[in-house]
1. Which of the residues belonging to the range 63-77 are farther than 19 Å from Ile33 by Cβ and either surrounded by fewer than 21 Cβ atoms within 10 Å (Cβ to Cβ) or away from the ligand (no atom under 16 Å from the Cβ) (or both)?
2. Restricting attention to the range 45-62, and to residues there that are among the hydrophobic types (A, V, I, L, M, F, W, C), more than 8 Å from the ligand (Cβ to nearest atom) and open to solvent by less than 60 Å² (accessible area, probe 1.4 Å), which single residue is farthest from Met138 (Cα to Cα)?
3. In the range 32-44, what count of residues is obtained for those that are away from the ligand (no atom under 16 Å from the Cβ) and either in contact (Cβ under 8 Å) with a residue 40 or more places away in the chain or open to solvent by less than 20 Å² (accessible area, probe 1.4 Å) (or both)?
4. In the range 1-78, which helices (runs of 4 or more DSSP H) lie fully inside it and hold 2 or more residues that are within 21 Å of Glu227 (Cα to Cα) and modelled with pLDDT of 55 or more?
5. Any idea which of (1) among the acidic types (Asp, Glu); (2) in a helix (DSSP H, G or I); (3) at pLDDT 95 or above is the one Glu85 doesn't satisfy?
6. Can you confirm whether Leu200 is open to solvent by 60 Å² or more (accessible area, probe 1.4 Å) and farther than 30 Å from Tyr98 by Cα?
7. Residues Thr167, Thr187, Thr150: which one is open to solvent by less than 60 Å² (accessible area, probe 1.4 Å), polar (S, T, N, Q) and outside any helix (DSSP H, G or I)?
Amino acid sequence: MALKDLFTKNQPKKKKYATIPAETAKNDVPEGIMTKCPSCKKIMYTKELVKNAKVCLHCGFHFQMNAAERIDSFLDEGSFVEINENMVSENPLNFPDYLEKLEKDRQKSKLNEAVVTGMGTVNGHKIVVAIMDASFRMGSMGSVVGEKITLAIEKADDLSIPFVIFTASGGARMQEGALSLMQMAKTSVALKKFSNNGGLIISIMTHPTTGGVSASFASLGDYNFAEPGALIAFAGRRVIEQSIREELPEDFQTAEFLLKHGQLDAIISRIDLVENLTNILEIHQPGGELEWQGN
Ligand SMILES: [Zn+2]
């Protein structure tokens, strides 16, 4: 008997039916020909879903998008020029296994960090854009994420063009401790300077935007928008309930709830985003014209 038979003899028979690959199910990334909507449970062609900016054709559910997909769907074709793409995190606190985890995420996401920054155009309007990607360390904010966002804001300031940020984050990066929290102050100061110089800041919160990111640059736009159904939160429900000793409504950390309570300016479907942003950029550009429809 061969040695390998010793180990396979009592194994259960291989299942005959197909299983969904764990990675696909976890990331909501539509692979294969058909995709099932987690909200309405209807099945559609993946190709058509992608063509529809990954918005469910039946119920409007917004699937998660990575940075590359956002660039493709939001900026004019071929207009994106990335900046600071080679910046990588070190392990300042010697946190166990941090460097290995970063390397693993680099390979998985094909990104060097959880935010992609650069310049591009939306219907011809020049902007600096920062796009967070939840597939890298859950989009958490470490020193490099904070630095890249700050440099992008400064770039917008230098060029006197609007700054647009798409947030998606699990919050501060625990492996960088207090250094991670300091990014909240650093990015906020950069935005304030940019704002004082007349800069336009547009924040688009996507699912999920939480922790220190929701409490800093995500909420500091001249316009604070969100995608439908996005989870936007600072702390988890249990922590808040324990500290205020009150029960919270079921939907209190959704974009829809925040809009109702004045925390957001609008919820914009991904389908309408380019058109809406084009209008805003037109209104704000020097010499821009706003058609007056009143009396
Ligand atoms: Zn659906």
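The values are calculated or read from the model by the stated rules, or taken from the named source; none is laboratory data. Here the structure is a predicted model, which means the values were calculated and not measured. Here the Cβ positions follow ideal geometry from the backbone for every residue, glycine too, while neighbour counts run over all protein chains shown. Only protein heavy atoms, including side chains, enter the accessible area calculation; ligands, DNA and RNA are left aside. Shrake-Rupley method; radii C 1.70, N 1.55, O 1.52, S 1.80 Å.
1. If the condition is that a residue be farther than 19 Å from Ile33 by Cβ and either surrounded by fewer than 21 Cβ atoms within 10 Å (Cβ to Cβ) or away from the ligand (no atom under 16 Å from the Cβ) (or both), then Gln64, Asn66, Ala67, Ala68, Arg70, Ile71, Asp72, Ser73, Phe74, Leu75, Asp76, Glu77 are the ones that fit.
2. Applying the filter and picking the extreme gives Leu49.
3. Matching residues across the range 32-44 total 0.
4. Working: elements: 3-8, 22-27, 46-51, 67-74.
Per the criteria, 46-51, 67-74.
5. (2)
6. no
7. Numbers: Thr187 fails: outside any helix (DSSP H, G or I); Thr150 fails: outside any helix (DSSP H, G or I).
Matching residue, one of Thr167, Thr187, Thr150: Thr167.
To keep it simple, each residue is scored yes or no on (1) assigned to a helix (DSSP H, G or I); (2) surrounded by fewer than 16 Cβ atoms within 10 Å (Cβ to Cβ); (3) under 22 Å from the mean Cα position of the chain (by Cα); (4) of a type in the set (Lys, Arg).
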| position | (1), (2), (3), (4) |
| --- | --- |
| Arg238 | yes, yes, no, yes |
| Pro249 | no, yes, no, no |
| Leu259 | yes, no, yes, no |
| Leu273 | yes, no, yes, no |
| Leu281 | yes, no, yes, no |
